[in-house]
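The values are calculated or read from the model by the stated rules, or taken from the named source; none is laboratory data. Because the structure is a prediction, the values reported are computed rather than measured. Here Cβ is always computed from backbone atoms with ideal geometry, including for glycine, and neighbour counts include all displayed protein chains.
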Amino acid sequence: MSGLRDIRVVVSIDFGTTFSGFALAHVDAKHNIEVFNSWPNGELMRPNQTKVPTILLYNQSLEVVGWGNTAVAPGGLYGGASQRSSDSHFLAEQFKLYFSTQEHIPKPLLPNKLEFLKAITDYLIKLREIIQDRVKNKWRGTVAFPDQVRLVMTLPVDWPQKALVDMRNCALEAGLISERHSDNLEFVTEPEAAALYCLKNCAEYELNPGDAFMIVDCGGGTIDLTTRYLMQNGGLGEETESTGEACGGSFVDREFLKFIGDKLGITEKKMDELRRDHYTQFQRMLEGFVFSVKSRFNGNEEDFGYTSMLHLQSECKILVENVHADKKLEMEKSRWSIPFAFKDVKQMFDTVVEKILRLIKEENRGNIYGRRLQFKEKVRIIATPMNPISAVVKGALHYGLEFEDDPNKANYGLNKTIKTRRLKCTYGTDVLDPDIDPIISILTGSSKMFSLIAKRGDEIAADQAFKETYTPVRRNQTEMSMNLYCTRRFDVKFVNEEDVTLLKKWSITLPPLKTDELLPRVELSLMFGKLEVAATAFNKRTGKKCQVQCNLPEADRC
Ligand SMILES: Nc1ncnc2c1ncn2[C@@H]1O[C@H](COP(=O)(O)OP(=O)(O)OP(=O)(O)O)[C@@H](O)[C@H]1O
Ligand SMILES: [Mg+2]
């Protein structure tokens, strides 16, 4: 495993539902940040854009034949194929939404047999090829990839713990890390990265220690919120538990398609099928909508100006061919044009905006310091960063660049600014029920009790260690194990209760004992300062570190 000293370059990846991007910097030139913007086919589709579409193009054998701009380029492979139908090729998109724990979120259609984790891995492979190339060219082959690269990946707040395990595996398969438990890979939540970016770029607002600010990160798939406060030492504390929901910008696009479908008498299901089979046409229509209507809409009728018009004959002909018989005459009369009045567009936004406002209220209510923020009345400043598109990827890069590298400091290996985090899960281990005789307990197989380690919502210092001392029961014991359970619930009595998941199973290797040596006393420390829970153990009698292994990488959802 490569140590902190080896890291020469930090790369942050913002793997988004609709768009993705990466940024990079050398540890010896931390201010020289590059947000990559030379994507393949970029000059044709979106010149100088810092993000590329999160889209893959597959052939029948599930091989990737295009991705990002290349997958959707008009006149490109798919552009040509889609003029007919997509019998030979198909697109996969929005696969990140499969990680959402919210059952009601419509998951995008993925072709038969295409696992969403394979799609993620395939996409990360494409990103890795570009990153590897950029690292090689930028630093003329002096940086070993991936061993001398710290990789920071961003993720939404609502992802379960299991998603981190899956992302780690995908990163490994994509060649972004060289071993599964590599220290080179770090995770940070999207709003946390945005908070770091805002902290660096909001000097004009003169934040003082104790001031709190809420980040509302509106992505294409999810809306993520976090409330942080500035500490005396310049660090950031987490005020309330972060929240998030899959109700981002692409859901406005879905409302737009629903609106069009209603006008043409085409069902949602049929619209989905047509979109999949005639992707380029739909994409062109959607881009027209995003560019000329969605991005200009600010909710004010006076600013709306004029009624926009969608001309189906030129923008999405396939819809003309699929109009319902009942609507055909009406559409012919209007020459296949669909007008959008202010109220129509407002309605497309309303569902999503209402959800965002509800999330803001809930995040606010979760403020347990009695420092309740009264939205509008008490919030002094509501601001949008200069370049919101790259705020997350830049913030994640700052996160990875500012690690404590002094091994003598308590926060060694941790980001220097993020000082506290609020737990999103309650964690505990299993113990035998003290009211039942241990022998009877084992014989009857009665459930073990959930012994609380840390509770959901608790604010814990990033370098805080939860310690427990264990002694082996036999002299010839070579291993001790420790099970870590997690749950989104606040109170749990037994580990077999609903919604309690076995997250990790650690085993501690015990050194062989000499004849007159006392049984070791092993102190296990659990750290929740990073998004992935970490464990270390040491023998208190000898002061030596014990080897800790995680035996359950495939934990169930939590
Ligand atoms: N100026 C704009 N006004 C309104 N919407 C916009 C604007 N620019 C981009 N969008 C929308 O923002 C969304 C993309 O945002 P972003 O790139 O932050 O999302 P993402 O990173 O793909 O998603 P997530 O972070 O949720 O996984 C799309 O729905 C896009 O249409
Ligand atoms: Mg994003």
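Mind checking which residues of region 183-233 are within 16 Å of ligand 1 (Cβ to nearest atom) and of a type in the set (Val, Ile, Thr)?
Scanning region 183-233 gives 188, 189, 215, 216, 222, 223, 226.
Name the one entry in 519, 502, 526 that is touching a residue at least 24 places away in the same chain (Cβ under 8 Å), part of a strand (DSSP E or B), surrounded by fewer than 17 Cβ atoms within 10 Å (Cβ to Cβ) and not aromatic (Phe, Trp, Tyr).
Only one candidate qualifies: 502.
Go through region 234-259 residue by residue and tally those that are more than 16 Å from ligand 1 (Cβ to nearest atom) and within 25 Å of residue 354 (Cβ to Cβ).
3
May I ask you to verify whether residue 348 is within 16 Å of ligand 1 (Cβ to nearest atom), part of a helix (DSSP H, G or I) and at pLDDT 85 or above?
Considered against the rule, which asks whether it is within 16 Å of ligand 1 (Cβ to nearest atom), part of a helix (DSSP H, G or I) and at pLDDT 85 or above, residue 348 comes out as yes.
Given (1) within 16 Å of ligand 1 (Cβ to nearest atom); (2) buried (at least 17 other Cβ atoms within 10 Å of the Cβ), identify the lone condition not met by residue 389.
(2)
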